[in-house]
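Everything on this sheet refers to the single structure shown next.
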Amino acid sequence: MPVRATKRGEERTPLQGSCDVLICGASFAGLSVARELAGSGADVMIVDRYEIGERQTSACGIPTDWLRATGLIGAERQRFDSLLIHTPHGERRYRLPWTFSTFDYRELCELLWCQCDARFETAKVNGRAAGANGDGTIAVETDRGVLAAPLVVDALGWRRVLASGDGFQPPDAPLSRGLEVHPGGSSEDLEVWIDRRYVPAGYGWSFPARDELRIGVGSFDPRFHVRETTELLAEDLGSERVRYQGNWIPHKLRRATEGGVFFAGDSAGHCLPLTAEGIRTAIYFGIALGRELRAVHEGRQNRERAAARYASYHDSHEWKFRWMLRVQRLVPRIPPRLLGPLIRLLGRKRFVDWSFAHYLQIAPPPEGSAHEQQGAGDQQGHTEDAVGAERDLVEAEQA
């Protein structure tokens, strides 16, 4: 397990003051927000209790085009053009219309950090503090002191630390539970198990990453403990049960803004139901938020306008998440004897191409550089996204 990097002893100096933008959380969402602010002249500070890239919490997979579009392809470890799905009554290989890549978490975070010009400090964020001057500046309490900024981002994860508090605690919350082990080994197959021997509602996986296998089990029901079945899957695959990592995974969108604070990544529920894919969506919404905050710093809009636009953009995707959640709730109700025939039926090339193309469009790769599509172009992009969402919905209903 990683050791928390918060300053200690003589290195634990007081941390206080103000900046233009304060980003709490230094993983995919937080770094993506900072990336979009690079070159703007904004004084951006990122705080996290771990060093950048220190604490991996997922299997680290993403569509390959996302790595290319964001300049992160150097972190790629292995690429796949098919998905092998296992059920108790048969299996099927899906040939994907796009490739999927596993990557190294630390290296990808470091590449994102290299695209930023922000400051970074290790500190544990405890919550909001009393406002400093009553001028709209938001104060945040850390274990090293109080920081303040007019623009504050919570990218700290599902706990949503800077919210007012809504009793969002497992297991009585819309969270999935995931655990995986990281044995050495190699494979050419990206694999998923829909098998109630491992989990009543959820799935198991094996994500190869060159010289490492990432084997895990995710449960849609947070009350189902997955350690024993994760170990069972690893044993069935002849792999060691070593280097455990796990996390709670949100499967429902939450408010994008609250009390002047902007939320991105898991703190906003930016993790897709059914597949539990959250890296692509964290970067996707992080880019959108970063562009709104850049417009504020450059004087093209105020914070309230940025909050309204970001919330509207976030909300325009709600129907996509809602439909994914409906399928997530449907899968455990399918009788096991029907899973094999159903998986084979859905594995027809025409349906796979259609469904995975739409799945990618939930959060498509960005076009252009980090700082393009600003100003009026941003508004056009938001409008086009809303129109495209409506068109996709009509097509889905017709299908």
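The values are calculated or read from the model by the stated rules, or taken from the named source; none is laboratory data. The model shown is predicted, which means the values in this text are computed figures rather than measured ones. Don't worry about glycine lacking a Cβ; one is built from the backbone with ideal geometry, like all the others, and counts go over all protein chains shown. These area figures cover heavy atoms from the full protein model, side chains too; ligands, DNA and RNA do not enter into them. Shrake-Rupley method; radii C 1.70, N 1.55, O 1.52, S 1.80 Å.
Among the residues of region 266-292, those that are out of contact with any helix residue (DSSP H, G or I) (no Cβ under 6 Å at 6 or more places or on another chain) and not polar (S, T, N, Q) comprise Asp266, Ala268, Gly269, Cys271, Ala276, Glu277, Gly278, Tyr284, Phe285.
Among the criteria (1) without any contact (Cβ under 8 Å) to a residue 40 or more places away in the chain; (2) more than 30 Å from Phe207 (Cβ to Cβ); (3) in contact with a Phe, Trp or Tyr (Cβ under 9 Å, 6 or more places away or on another chain), the one Ala129 does not fulfil is (3). The residue of region 364-385 that is modelled with the highest pLDDT, among those that are surrounded by 15 or more Cβ atoms within 10 Å (Cβ to Cβ) and over 16 Å from Gly290 (Cα atoms), is Pro364.
Scanning region 249-269 for residues that are more than 21 Å from Tyr203 (Cα to Cα) and open to solvent by less than 20 Å² (accessible area, probe 1.4 Å) gives Ala256, Val261, Phe262, Phe263, Ala264, Gly265, Ser267, Ala268. Might you let me know whether region 322-333 holds any residue that is closer than 20 Å to Pro366 by Cβ, part of a helix (DSSP H, G or I) and not β-branched (Val, Ile, Thr)? No, because not a single residue in region 322-333 is closer than 20 Å to Pro366 by Cβ, part of a helix (DSSP H, G or I) and not β-branched (Val, Ile, Thr). The condition of being crowded, with 22+ Cβ neighbours inside 10 Å, more than 21 Å from the chain's Cα centre (by Cα) and modelled with pLDDT under 95 does not hold for Thr13. Working only within region 156-179, note down all residues that are open to solvent by less than 10 Å² (accessible area, probe 1.4 Å) and over 17 Å from the mean Cα position of the chain (by Cα). Leu162 - this is the single residue of region 156-179 that is open to solvent by less than 10 Å² (accessible area, probe 1.4 Å) and over 17 Å from the mean Cα position of the chain (by Cα). Out of Asp65, Asp81, one residue alone is under 16 Å from Ala357 (Cα atoms) and outside any strand (DSSP E or B). It is Asp65. Residues that are loosely packed, with under 14 Cβ neighbours inside 10 Å, over 27 Å from the mean Cα position of the chain (by Cα) and in a loop (DSSP other than H, G, I, E, B) within region 226-243 comprise just one, Gly238. Consider region 87-96 and keep the residues that are open to solvent by less than 60 Å² (accessible area, probe 1.4 Å) and at pLDDT 95 or above. The one that is farthest from the chain's Cα centre (by Cα) is Tyr94.
Tell me yes or no: at least one residue of region 137-155 is open to solvent by less than 30 Å² (accessible area, probe 1.4 Å), touching a helix residue (DSSP H, G or I) at 6+ places or on another chain (Cβ under 9 Å) and of a type outside the set (A, V, I, L, M). Among the residues of region 137-155, at least one is open to solvent by less than 30 Å² (accessible area, probe 1.4 Å), touching a helix residue (DSSP H, G or I) at 6+ places or on another chain (Cβ under 9 Å) and of a type outside the set (A, V, I, L, M), which makes the answer yes. Any residue at all in region 319-335 that is modelled with pLDDT under 90 and open to solvent by 60 Å² or more (accessible area, probe 1.4 Å)? Taking every residue of region 319-335 in turn, none turns out to be modelled with pLDDT under 90 and open to solvent by 60 Å² or more (accessible area, probe 1.4 Å). Could you grab me the full set of residues in region 24-49 that are in a strand (DSSP E or B) and either within 14 Å of Arg291 (Cα to Cα) or touching an Asp or Glu at 6+ places or on another chain (Cβ under 8 Å) (or both)? Cys24, Val44, Met45, Ile46, Val47, listed by residue number. Every test in (1) assigned to a loop (DSSP other than H, G, I, E, B); (2) without any contact (Cβ under 8 Å) to a residue 24 or more places away in the chain; (3) closer than 18 Å to Cys271 by Cβ; (4) not basic (Lys, Arg) is passed by Tyr203 save one, and that test is (1). The strands (runs of 3 or more DSSP E) found entirely in region 91-198 that carry 3 or more residues being farther than 24 Å from Glu277 by Cα and either of a type in the set (Val, Ile, Thr) or out of contact with any Leu (no Cβ under 7 Å at 6 or more places or on another chain) (or both) are 119-122, 138-142.
Each row is one residue, and each column tells you yes or no for (1) of a type in the set (Ser, Thr, Tyr); (2) out of contact with any Pro (no Cβ under 8 Å at 6 or more places or on another chain); (3) touching a residue at least 60 places away in the same chain (Cβ under 8 Å).
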position	(1), (2), (3)
Val242	no, no, yes
Gly260	no, yes, yes
Gly265	no, yes, yes
Tyr310	yes, yes, no
